[in-house]
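What follows is one structure encoded as structure tokens, with my remarks underneath.
The values are calculated or read from the model by the stated rules, or taken from the named source; none is laboratory data. All values derive from a computational prediction rather than experimental measurement. For neighbour counting, all protein chains shown are included, and Cβ atoms are generated from backbone atoms with ideal geometry for every residue, glycine included.
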Amino acid sequence: MTKVKMVRNVLEKNDKLAEQIREMGDNSKTVLFNMMGTPGAGKTTLLESIIPALKEDYKMGVVEGDVATANDADRIAALDVATAQVNTDRFGGTCHLGSEMVKPALEKINYDQLDIVIIENIGNLICPAHFDIGAHYNIAVVSITEGVDKPAKYPLMFRNSKLAILNKIDLLEHLNIDIEEMVAGIKQINPDIDILKMSALQPNDGIALNKWIKKRGRRK
């Protein structure tokens, strides 16, 4: 009973702070996107592919979440956008970002002066889906190499997201999978979710993702 109460208290505290973050974003007209997915799904490469075009039209920043290292943040900072790193090893190596970690990172990049902020969450299909971090839109990224059954195994990630990206579509010819089965599985979980089939390594594929983000972005 005590353990359940502690978990409930942690979630309630997280959700309250997350709502404050979302309200602050609303007040400053800053739109926050929470990008989630497994390690190796291609989240950072996706960001590298879309940031050059996005920053032409929007003031944007990125919050990079990892257990350790600043490898991904260094890659993003090289694109000349405001970047903040959050390492969870000092929080016990937790497998997700919480709103108490995100808020200081957002303040570090002066997010209230930005149009768009993309938060790349810790690589995981489970924990990040349980914690609201104040984002306006959740994006789930899954590599098709992970198998068509991943959405069915981890439904909350897709239930809580507005967009699912099926990445590494360029590898489809080398895999024995039915991509439409994967799409159908996601739609069964969340009929309203948008789905993009793309490869982060194909420049033209990033155009559709940019359009999706721009449709939801707001300029000050």
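Observations on the structure shown:
- Leu32 meets the conditions (1) in contact (Cβ under 8 Å) with a residue 60 or more places away in the chain; (2) more than 23 Å from Ser161 (Cα to Cα) in every case but one. The failed one is (2).
- Residue match in segment 17-26 (condition: within 28 Å of Ile169 (Cα to Cα) and in contact with a strand residue (DSSP E or B) (Cβ under 7 Å, 6 or more places away or on another chain)): no
- Test: residue in segment 134-151 that is in contact (Cβ under 8 Å) with a residue 40 or more places away in the chain, farther than 24 Å from Ser49 by Cα and in contact with a Lys or Arg (Cβ under 9 Å, 6 or more places away or on another chain): yes
- Output for segment 88-127, where each listed residue is on the phi < 0 side of the Ramachandran plot, of a type in the set (S, T, N, Q) and at pLDDT 95 or above: Ser99, Gln113, Asn121
- Within segment 190-200, tally of residues that are more than 15 Å from the chain's Cα centre (by Cα) and surrounded by 15 or more Cβ atoms within 10 Å (Cβ to Cβ): 4
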